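Student: Before I ask anything, let me first share the structure, which is written out below as structure tokens.
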Amino acid sequence: MAARRWSALSVVAVGVLALTGCAFGGGGSDSGIPHDAASGGQTLAELRESFESIPGITVSDIAGGDKPNVKGNTGYAIGLEVEPGFAIADGAALVDFVVSSVWSVREGYMPNARIDIRVRTSSSGGFDVGAAAAQAGWVRDSSSSPKPYSTAAIDLMEDKDQGASNRERLGSWPGDVPEVPTGVTVQE
């Protein structure tokens with residue numbers, strides 16, 4: 001009797017663990033997502049340095065490269081501040097640089113869901129990173145609405161048209177480290 005009870009409890013426990021993604025490589029496992037590349041690309045510290053080498057740009061936050069979530073998704077969130085006295089002159093070049101730079105990070109897990117870009121500026125003209133991402137071809141058309149704080153989500157999911165297109169454009173991971181663009185910012 002005790003053996004049957006133990007067996008029934010074991011089956012229930014395994015079933016619950018499997019449903020919640022905590023057993024047998026379920027959700028949250030790396031699901032075959034590449035991580036910690038042995039060569040190529042750059043480190044997170046190098047990524048931060050490259051962003052901050054653009055005049056008037058400060059990195060407020062870099063998050064990502066972590067183990068996949070329960071759905072098997074990984075990604076990055078990049079927060080940039082435009083320093084007082086500066087404005088974005090070439091938003092498309094900035095978005096291209098951020099996306100390509102994040103794709104070139106060899107530490108942690110390859111982003112497979114999206115790259116979020118947040119930009120805060122004190123410029124009187126504001127900035128719309130979503131419109132810049134559309135201009136650069138990373139997102140579908142976006143109406144321009146410059147404001148002090150804006151966001152863009154760059155889709156990397158292969159089962160979505162834009163995500164598949166973006167992944168094809170980026171190539172293999174980790175990608176080559178892009179050159180820091182010039183003329184992205186201007187002094188006001």
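Student: What nm distance separates the two modelled labels at H35 and S122, each placed 7 Å from Cα along Cα→Cβ?
Tutor: Here the modelled spin labels are 3.9 nm apart.
Student: Determine the sum of side-chain charges near I117: Lys and Arg each +1, Asp and Glu each -1, restricted to other residues whose C-beta is under 15 angstrom from that of I117.
Tutor: Values: positive: R48, R114, R118, R120, K147; negative: D61, E81, D90, D96, D116, D128, D155.
My count for the surroundings of I117 gives -2.
Student: Follow-up. Determine the gain in length on full extension of the stretch N69-V186; use 0.36 nm per residue of separation and subtract their C-alpha separation, reporting nm with one decimal. Mind dumping the intermediate values first?
Tutor: Values: separation 117, 0.36 × 117 = 42.12 nm, distance 3.90 nm.
Here the answer is 38.2 nm.
Student: Something else now. On a C-alpha basis, how far is the centre of the stretch 79-108 from the centre of the stretch 57-76 in Å? Whole number, if you could?
Tutor: 15
Student: Starting from the exponent 0.38 and prefactor 2.2 Å, build the expected Rg for the stretch 56-178 from its residue count and divide its actual Cα Rg by it.
Tutor: Details: Rg = 14.1 Å, N = 123, 2.2 N^0.38 = 13.7 Å.
The reported ratio for this selection is 1.03.
Student: Based on the Cβ-Cβ distance of E168 and S53, what FRET efficiency does E = 1/(1 + (r/R0)^6) give at R0 = 22 Å, to the nearest 0.05?
Tutor: That pair, E168 with S53, gives E of 0.20.
Student: Going 7 Å from the Cα of A45 along its beta-carbon direction, which residues of the stretch 93-116 have the amide nitrogen within less than 20 Å of the resulting point?
Tutor: Residues passing the 20 Å test: 101-109.
Student: If R₀ is 30 angstrom, what is the calculated FRET efficiency for the pair E107 and D161, using the beta carbon separation as r and rounding to 0.05? Don't skip to the answer; put the middle values down first.
Tutor: On the way: r = 29 Å, r/R0 = 0.98.
According to the calculation, E is roughly 0.55.
Student: Quote the accessible area belonging to L80 in square angstrom, nearest 10, computed with a 1.4 Å probe and with ligands, DNA and RNA left uncounted.
Tutor: Taking all protein chains as shown, L80 has close to 0 Å².
Student: Does the stretch 40-114 come out rounded, prolate or oblate, given a ≥ b ≥ c as the square roots of the eigenvalues of its C-alpha gyration tensor, rounded meaning a/c under 1.5 and, failing that, prolate meaning a/b above b/c? Working shown, then result.
Tutor: On the way: a/c = 2.20, a/b = 1.95, b/c = 1.13.
Prolate is the answer for the stretch 40-114, as a/c is 1.5 or above and a/b outweighs b/c.
The values are calculated or read from the model by the stated rules, or taken from the named source; none is laboratory data. What you see is a predicted model, and the numbers here were worked out from it, not measured in a lab. Positions of Cβ are backbone-derived with ideal geometry, glycine not excepted, and every protein chain shown enters the neighbour counts. Areas reflect the complete protein model, heavy atoms only, side chains present, ligands, DNA and RNA absent. Shrake-Rupley method; radii C 1.70, N 1.55, O 1.52, S 1.80 Å.
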